[in-house]
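Everything on this sheet refers to the single structure shown next.
The values are calculated or read from the model by the stated rules, or taken from the named source; none is laboratory data. Since the structure is predicted, the reported quantities are computational estimates derived from the model, not experimental observations. Note: ideal-geometry Cβ built from the backbone for every residue, glycine included; neighbour counts use all protein chains shown. These area figures cover heavy atoms from the full protein model, side chains too; ligands, DNA and RNA do not enter into them. Shrake-Rupley method; radii C 1.70, N 1.55, O 1.52, S 1.80 Å.
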Amino acid sequence: MNDLENRSETDETTPTASEQNRALKARYRALWALGDYPALAADIIPTLGAVLVEAARVQPGDRVLDVAAGTGNAAIPAVLAGASVVAKKLVGERVTTIEEPKATLRVDHFSSAEGFRDYFKTRYGPYIAVYRNIGDDVARVSSLDQALVEVARKYAQSNRDIEWDYPILTAKVQ
């Protein structure tokens with residue numbers, strides 16, 4: 001009897017790792033497609049890539065791996081700094097030796113904490129998915145609305161400006 005004849009019924013219907021990976025990527029693409037990340041990146045964090053490149057001290061000859069590259073807002077400044085860049089949506093390589101310095105970016109796009117909440121509710125795919133999931137539960141929507149306002153107020157340096165700390169992960173790929 002060969003291997004195919006030995007397979008059980010369950011084995012024939014169980015998705016392979018490759019099929020599971022494709023399905024997971026499709027779910028993430030759909031999640032991010034709910035929002036408008038290019039608009040969010042341009043409106044809220046247009047200088048984030050340059051801040052990250054400077055904080056990581058990227059220079060000519062460096063190799064940069066931009067995981068979840070999105071609009072390229074980090075990869076493009078890294079290339080302009082002279083680095084060799086690989087930008088990927090999802091990474092399959094094994095990453096080791098992770099360092100995590102932080103950089104701060106001042107965001108002054110919002111006129112109020114409520115404006116922060118409303119912006120992310122309508123443009124950030126993961127938040128849109130959560131709101132869709134709890135949409136019929138008024139109490140949960142209200143609770144999440146309030147939590148987002150509190151986050152904005154907690155980090156606001158003034159009525160409008162929010163300072164966000166971004167971890168800058170540097171890693172060695174094997």
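When the stretch 106-141 is filtered for residues that are open to solvent by 30 Å² or more (accessible area, probe 1.4 Å) and of a type in the set (F, W, Y), the ones remaining, listed by number, are Y124, Y127. Tallying residues that are small (G, A, S) and under 15 Å from K88 (Cβ atoms) within the stretch 16-30 yields 0.
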